[in-house]
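Okay, so here's the structure we're looking at.
The numbers here are math on the coordinates, done by the rules we state, and not lab data. Because the structure is a prediction, the values reported are computed rather than measured. Counting neighbours? That spans all protein chains shown, and the Cβs are built from the backbone with ideal geometry, glycine included.
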């Protein structure tokens, strides 16, 4: 899973970007007509702490997973782009970092349950009107 960036496989990176960046763009575009018709539409992109450049720089404990981390950084930029476009329609678009969650992907080594991870996603999906948009959050608030 973790390789030095100089050995990262480009095909693997493309597949990761297809899921983590282009997938959310495709889903957002597909649902946009319905979202625009809603009086309380919210979009929550599922990001990661590894998508934060500020957190990764200088943090030698952060995994150096170039493909995955950069895909989540790109997703954060996509979140901001959609937020800027859709704010005039009253729609809020934010990114959530649910934390290292125990899933099949990591052989259940994550320190958080799926239920714990879902809390920030649900909170952002149910924001009151006038709430933040274009942000990147975990359960403690905005992230850098």
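Per residue, the average separation of C-alpha pairs within less than 8 Å and at least 6 apart gives segment 8-142 a relative contact order of 26 percent.
By the beta-carbon count within 10 Å of each Cβ, the least crowded to most crowded order of 91, 45, fewest first, is 91, 45. This ranking places 92, 66 by how few other beta-carbon atoms lie within 10 Å of each, fewest first, which gives 66, 92. Every helix of 4 or more DSSP H residues in the chain counts as -39500 (n - 2.57), and over all residues that averages to -13000 deg cm²/dmol at 222 nm. Rounded to the nearest 0.05, the FRET efficiency derived from the C-beta distance between residue 123 and residue 62 at R0 = 25 Å is 0.50. Shown here: mean projected area of the Cα convex hull in nm², derived from the displayed model; of the candidates (1) 12.2; (2) 9.1; (3) 8.2, it corresponds to (2).
Panel order for 133, 126, by other beta carbons found within 10 Å of each beta carbon, from fewest to most: 126, 133. Between 11, 118, 96, the GNM of the chain built on Cα springs shorter than 10 angstrom shows 11 fluctuating the most. FRET efficiency for the pair residue 139 and residue 26, taken as 1/(1 + (r/R0)^6) with r the Cβ-Cβ distance and R0 = 22 Å, rounds to 0.20. Rounded to the nearest 10 degrees, the inclination of helix 23-37 to the longest alpha-carbon principal axis of the chain is 10 degrees. Applying 1/(1 + (r/R0)^6) with r as the Cβ-Cβ distance of residue 100 and residue 77 and R0 = 35 angstrom yields a FRET efficiency of 0.95. Compared with the dominant principal axis of the Cα atoms in the chain, helix 114-125 is inclined by about 40°.
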